[in-house]
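Notes for the one structure printed next.
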Amino acid sequence: MRSFYFVISFFIVNLSYSQGLEMQSYKFGDGLRFVGESAQSVRLTGYAQPMAELKQTEGNDESSSRYRMRRLRLRIDGQTKDPRFKYRLQVDLSGVSEIGETNEDPLMDAYIDYAPNNSFSVKFGQRTTYADNRELWMSSNSLQLVERSRLTSAFASIREFGVFVTGRIRSGRGSFLRPYFVLSNGDGKNVMDNDRGGLKLGGRIDYLPFGLFTNIGQFRQIDVMREQVPKLVVGIHYSHNSGMSSRRGRYSGRILYLNNNDEESLPDYSKYGLDFLFKYRGFSALGEYVKSAATVPTDITQRVRNDGSISTTFLVNDVQNVDAYVKGRMMLGEAYNFQLGYLFKNNFSIDGRYTHLIADENSFLNNATFYNRPNYYTLGVTKLSRRNYGFKIQASVTYVDGSLGINHDNDLSTDVVFDDELLFRLITTISF
């Protein structure tokens, strides 16, 4: 609710400073653009994504389906009279998070961007973090397949509040280096109450040997611009979260531990990875690797239950083991994701993806209800109406490996089954 009031306040302030703006243009899929005196401008964009999903479990007749508004986004990008200052506000009114969880706060992005020159910029506020895998910070309406990969949903922290520094350095013979630096709260988005633990420090370095992509193609998946010369970006990223109170740094205060003095004592969480994106004449390929690890403080003696009560038991296989118990509630392990596709000249795209998860011995990735599925194979088809993602319809089928054992009932007393799963998804994107 506090975020809702923040959004309303932001709109009021924006409108008060936008008196005298006149609509300059409207292009389907690119939104409304308003301009005023002294280079002041505002761009309003948005999109809706209704979605249907069917899950079928092999070996029995169990199936489930759901129909929902996957995303309903509204975004304002503005430039002040001083061209060095820009801002962005984005909200989602679907009530669903980026990974499909319900009861989500509507505020997505809210930051100010200061660019002293064409080479560097500093953003302050809330946005997607650069210290995560590449697919994460590609816009949801430009995805190559219906949903992001399981690598992203398992390891990415998605949005954070902090300082984000970006650079663009020409490194000779048409190549570029793009450094990124992030200093954030480390507890995800919309942290309005007490911030838990310390700060999160992260960064990324991208190398583009063949120059920049056409029309921000580095931040989109399908090669809608049909690059006339090969374009490649290769990057590495790293982050360290000092004192984390959730599984992967996405929410604050979800998992808390105490020492003998009843003081909070939280584990550190580090993550690193490498990735690439390649595009050429309609063909695109994306590859990602992520590895995470945790350090558990030795002074932890108590844990806070979901109801707020305190427990001193840390049982793993009926043995008291604080280190193993704490790690067992975190997203620890590694993952690979590789996808490729081709966009035909009639704007049909055929795409495929393979995602592989490897859980540590003690990791929430071993949870049989939500994870414990090591392999995902996805085949998809997309029809775009235009090269600016104004309208598209996508369908995909995903084969999920259940060989490690799956619990469909979310009941620990129920035996796991070793049946595989099939996911059928259909989504439509309508932008204005």
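For region 218-246, which positions are β-branched (Val, Ile, Thr) and crowded, with 18+ Cβ neighbours inside 10 Å?
Listed by number, the residues that qualify are 222, 224, 233.
Restricting the first residue to region 61-83 and requiring it to be under 23 Å from residue 431 (Cβ atoms), which pairs with a second residue that is in a loop (DSSP other than H, G, I, E, B) and hydroxyl-bearing (Ser, Thr, Tyr) meet a Cβ separation below 6 Å and a spacing of at least six or different chains?
69/94; 71/94; 72/94
Being assigned to a loop (DSSP other than H, G, I, E, B), at pLDDT 90 or above and under 26 Å from residue 336 (Cα atoms) is the requirement here; does residue 145 meet it?
yes
Which of the residues spanning region 330-358 are touching a helix residue (DSSP H, G or I) at 6+ places or on another chain (Cβ under 6 Å) and basic (Lys, Arg)?
none
Return the total of residues in region 301-323 being touching a Phe, Trp or Tyr at 6+ places or on another chain (Cβ under 8 Å) and in a helix (DSSP H, G or I).
Qualifying residue count for the region: 1.
Considering every residue within region 91-100, establish whether at least one is modelled with pLDDT of 95 or more and closer than 25 Å to residue 431 by Cβ.
No, the conditions are met nowhere in region 91-100.
Cβ-Cβ under 6 Å, sequence separation 6+ or interchain: first residue in region 330-350 and more than 14 Å from residue 365 (Cβ to Cβ), partner among the hydroxyl-bearing types (Ser, Thr, Tyr) and crowded, with 22+ Cβ neighbours inside 10 Å. Which pairs?
Short answer, once both residue conditions are applied: 337/149; 337/355; 341/284; 341/349; 343/349; 349/382.
Residue by residue, here is whether (1) of a type outside the set (Ser, Thr, Tyr); (2) over 23 Å from residue 292 (Cβ atoms) holds:
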| residue | (1), (2) |
| --- | --- |
| 119 | no, yes |
| 136 | yes, no |
| 174 | yes, yes |
| 178 | yes, yes |
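Of all residues being over 33 Å from the mean Cα position of the chain (by Cα) and of a type outside the set (A, V, I, L, M, F, W, C) in region 300-326, which is surrounded by the most Cβ atoms within 10 Å (Cβ to Cβ)? Just the residue, please.
Only one residue fits best here, namely 301.
From the list 431, 403, which residue is among the hydroxyl-bearing types (Ser, Thr, Tyr) and surrounded by fewer than 16 Cβ atoms within 10 Å (Cβ to Cβ)?
Criteria check complete, one pass: 403.
Looking only at region 161-175, how many residues end up being under 16 Å from residue 121 (Cα atoms) and either assigned to a loop (DSSP other than H, G, I, E, B) or among the aromatic types (Phe, Trp, Tyr) (or both)?
Of the residues in that region, 2 qualify.
Would you check if residue 378 is touching a residue at least 60 places away in the same chain (Cβ under 8 Å) and in contact with a helix residue (DSSP H, G or I) (Cβ under 8 Å, 6 or more places away or on another chain)?
No, not satisfied.
I'd like the full set of residues that are modelled with pLDDT of 95 or more and among the small types (Gly, Ala, Ser), limited to region 345-381.
Across region 345-381, the qualifying residues are 349, 352, 359, 363, 380.
Looking only at residues that are surrounded by fewer than 18 Cβ atoms within 10 Å (Cβ to Cβ) and of a type in the set (D, E, K, R) in region 247-263, which one is nearest to the chain's Cα centre (by Cα)?
254
Just checking, how many residues over region 176-189 are part of a loop (DSSP other than H, G, I, E, B) and either modelled with pLDDT of 95 or more or over 15 Å from the mean Cα position of the chain (by Cα) (or both)?
The qualifying residues number 1.
Kindly indicate whether residue 223 is in a strand (DSSP E or B), among the charged types (D, E, K, R) and under 24 Å from residue 141 (Cβ atoms).
No, not satisfied.
The values are calculated or read from the model by the stated rules, or taken from the named source; none is laboratory data. Just so we're clear, the structure is a prediction, and the values are computed from it rather than from any experiment. Cβ sites come from the backbone with ideal geometry, for glycine too, and all protein chains shown count toward neighbours.
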